[in-house]
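One structure below.
The values are calculated or read from the model by the stated rules, or taken from the named source; none is laboratory data. Computed from a predicted structure; not experimentally measured. Here the Cβ is made from the backbone with ideal geometry for all residues, glycine too, and neighbour counts use every protein chain on show. We work out accessible area using only protein heavy atoms, side chains counted, and drop any ligands, DNA or RNA first. Shrake-Rupley method; radii C 1.70, N 1.55, O 1.52, S 1.80 Å.
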Amino acid sequence: MNNLEKTFIKGLYYSDKEIREAEKKNLLLNLDLDMSNVCNLKCIYCDKTNVGEEHCKKENELKLEEYFSIIKQAKKLGCKNLQFIGAGEPMLDPNFWKIIEFASKLKILSVIYTNGTMINEGTSNKLFKLNTSIVLKYNSFKATIQDKLVGIKGYDQRVKKALKILVDTGFNNQSPPRMAIDCIATKLNKKDVIPLFRFCRENNISSQFSGLIPHGEALERGLVLNKKEYSQIY
């Protein structure tokens, strides 16, 4: 394994050989799946209306049996990894554990994007035993900025606790790591991107940094960085 491979979170990297073999056999390596639209944050760059845990569930969300069917079909197509990016906070989905456990039984590794509010010692240990990889939303080391970006007071304290628990559980003790930090670069936290990147490198945590799409709330609130600012960070 070369140095580049070691920087990617487990479940989101494939070697050139794996990709070529999958192309030849017409196989599916990775599948993105959304869980419930429910979210308990109110991120100021989010374009969803009525953001909040009580208002985000949609009537046409997938049923548990449909998730099972999709995952089984993906497995038959050669799927090795599932990504649960959203559409809300995956761990708030009432079927979350059943879906992750089902994927684990089929030897599929789940990569879970989470805001960390549902992470405690119990859930962290359970996720570790189910062989998942965790991508933690983390935008700044400064409490005021962290809370402002997600629209919730006290979030900084909760996500810092989640970060410590995941590290203590051992998600960053493997190579490649089973843990990543997901940071959205904005006008508010642009000075925090490099320190976060350095923190990831020093603690064997994969780093996922991205910018905002220049539209909607992000654009109206003046949160989007310009090309020069992105270039300087890069």
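Yes or no: LEU149 more than 15 Å from THR7 (Cβ to Cβ) and surrounded by fewer than 21 Cβ atoms within 10 Å (Cβ to Cβ)?
Numbers: more than 15 Å from THR7 (Cβ to Cβ): yes; surrounded by fewer than 21 Cβ atoms within 10 Å (Cβ to Cβ): no.
No; evaluated as a whole, the condition is false for this residue.
Which is surrounded by 18 or more Cβ atoms within 10 Å (Cβ to Cβ), acidic (Asp, Glu) and touching a residue at least 12 places away in the same chain (Cβ under 8 Å), of GLU101, GLU89? I'd like the intermediate steps shown before the answer.
Details: GLU101 fails: surrounded by 18 or more Cβ atoms within 10 Å (Cβ to Cβ).
None of the others qualify; the one that does is GLU89.
Can you name every residue in region 14-46 that is farther than 30 Å from ILE145 by Cβ and touching a Gly at 6+ places or on another chain (Cβ under 9 Å)?
Of the residues in region 14-46, the ones farther than 30 Å from ILE145 by Cβ are 14-31, 33.
Within region 14-46, ALA22, LYS25, ASN26, LEU27, LEU28, LEU29, ASN30 qualify.
Please verify whether SER133 is polar (S, T, N, Q) and without any contact (Cβ under 8 Å) to a residue 60 or more places away in the chain, treating the condition exactly as stated. It would help to see each step written out before you state the result.
Numbers: polar (S, T, N, Q): yes; without any contact (Cβ under 8 Å) to a residue 60 or more places away in the chain: no.
No; evaluated as a whole, the condition is false for this residue.
Taking region 65-92 as the region of interest, how many residues are touching an Asp or Glu at 6+ places or on another chain (Cβ under 7 Å) and part of a strand (DSSP E or B)?
1
Which condition number in (1) within 23 Å of SER175 (Cα to Cα); (2) open to solvent by 70 Å² or more (accessible area, probe 1.4 Å); (3) modelled with pLDDT of 95 or more is the one that ILE112 fails?
(2)
Does GLN73 satisfy the condition of being open to solvent by 20 Å² or more (accessible area, probe 1.4 Å) and more than 27 Å from LEU166 (Cβ to Cβ)? Outline the logic, then answer.
Values: open to solvent by 20 Å² or more (accessible area, probe 1.4 Å): yes; more than 27 Å from LEU166 (Cβ to Cβ): yes.
Yes, satisfied.
Give region 158-192 a look and list any residue that's surrounded by fewer than 19 Cβ atoms within 10 Å (Cβ to Cβ) and in contact with a helix residue (DSSP H, G or I) (Cβ under 7 Å, 6 or more places away or on another chain), or say none.
Result: ILE165, GLY170, SER175, LYS190.
For region 124-144, how many residues meet the condition of being surrounded by 15 or more Cβ atoms within 10 Å (Cβ to Cβ), of a type in the set (S, T, N, Q) and under 24 Å from SER175 (Cβ atoms)?
Count: 4.
Scan region 16-32 residue by residue and report those that are polar (S, T, N, Q) and open to solvent by 90 Å² or more (accessible area, probe 1.4 Å).
To start, the set of residues in region 16-32 that are polar (S, T, N, Q) comprises 26, 30.
Correct list: ASN26 only.
Please work out which residue is least open to solvent (accessible area, probe 1.4 Å), limiting yourself to region 193-220 and to residues that are farther than 24 Å from LEU136 by Cβ and not acidic (Asp, Glu).
Step one: list which residues in region 193-220 are farther than 24 Å from LEU136 by Cβ, which gives 214-216, 219-220.
Among the residues that remain, those that are also not acidic (Asp, Glu) are: 214-216, 219.
Values: PRO214: 83, HIS215: 87, GLY216: 27, LEU219: 95 Å².
Taking the candidates together, the pick is GLY216.
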